[in-house]
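Take a look at the structure below.
The values are calculated or read from the model by the stated rules, or taken from the named source; none is laboratory data. As the structure is a prediction and not an experimental result, all values here were calculated from the model. Reconstructed Cβ throughout: ideal geometry from the backbone, glycine too, with neighbour counts over all protein chains shown. Heavy atoms of the whole protein, side chains included, go into the accessibility calculation; ligands, DNA and RNA do not. Shrake-Rupley method; radii C 1.70, N 1.55, O 1.52, S 1.80 Å.
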Amino acid sequence: MRKHTTTILKIPGLGIALLQLFDIFIHAVTDQLEILRVTSNIIVLVWLAIAAAGKFNGKFLQIAMGSVGAYLILNITFLALEGVRNMEQGGELRVTLFMLIFLTTVLSILLIYIKGRQTSN
């Protein structure tokens, strides 16, 4: 049962990491690196790396919530400063940003939930 749970934990973690790397990549290739956005991606990647190494199993929930919270705060701050429309793209809604935030948040909640269930068993 332990191996099955570990595999299940890896799926959302890998998905979250790939989303963060994709986000950084699309900003780099379009020459639109924003410090708030990249910082939020790095926070999530560091959280995942440390969690994967098992460095803070006892405080997983607190650190996970803090990391995801920081990710959301930085992205909301970015939207407050830059707007929900990208003027460099003709005023289009930041649909990709909203999808990345949504997917990262949902997968993070799933990862936290699964890890919480694993810990309580």
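Read phi for every residue in region 96-113 and hand back ³J(HN,Hα) as whole Hz from Karplus 6.51 cos²θ - 1.76 cosθ + 1.60, θ = phi - 60°, with x for Gly and Pro.
Those phi angles translate into 4, 4, 4, 5, 4, 5, 4, 5, 4, 5, 5, 5, 5, 4, 4, 4, 5, 4 Hz.
Can you list the lysines whose alpha carbon is less than 17 Å from that of Lys10, not counting same-chain residues fewer than 8 positions off?
In chain and number order, the partners are Lys55, Lys115.
With r defined as the distance between the Cβ atoms of Val95 and Thr119 and R0 fixed at 35 Å, what FRET efficiency is calculated, to the nearest 0.05? Let's see the in-between values first.
Working: r = 36 Å, r/R0 = 1.03.
Once rounded, the FRET efficiency stands at 0.45.
On a 1.4 Å probe surface of the protein chains, which of Asp31, Asp23 comes out largest in accessible area, and what is the full order?
Most to least solvent-accessible, the answer reads Asp31, Asp23.
Bin width 5 Å, origin at 0, all Cα-Cα pairs of region 53-120: what percent of pairs per bin?
Whole-percent P(r) values from 0 Å outward: 3, 15, 20, 20, 13, 11, 8, 6, 3, 1.
Full-extension gain between Thr77 and His27, please, as 0.36 nm times their residue separation minus the C-alpha to C-alpha distance.
16.3 nm
Which ³J(HN,Hα) values, rounded to whole Hz and listed in residue order, are derived for region 82-94 from phi using the Karplus coefficients 6.51, -1.76 and 1.60 in 6.51 cos²θ - 1.76 cosθ + 1.60 with θ = phi - 60°, glycine and proline given as x?
After applying 6.51 cos²θ - 1.76 cosθ + 1.60, I find 9, x, 7, 10, 9, 5, 6, 10, x, x, 6, 4, 7 Hz.
Quick check for me: using +1 on Lys/Arg Cβ and -1 on Asp/Glu Cβ, what's the dipole size of the chain about its Cα centre, in debye to the nearest 20?
It works out to roughly 860 debye.
Sequence gap at least 6, Cα distance under 8 Å: using those rules, report the relative contact order of the chain to the nearest whole percent.
Values: 77 pairs, mean separation 42.7, N = 121.
Contact order relative to length: 35 percent.
Just to be sure I understand the curve: with the Debye formula and one point per C-alpha of the chain, what is log10 I(q)/I(0) at q = 0.09, 0.19, 0.23 Å⁻¹?
-0.27, -0.99, -1.35
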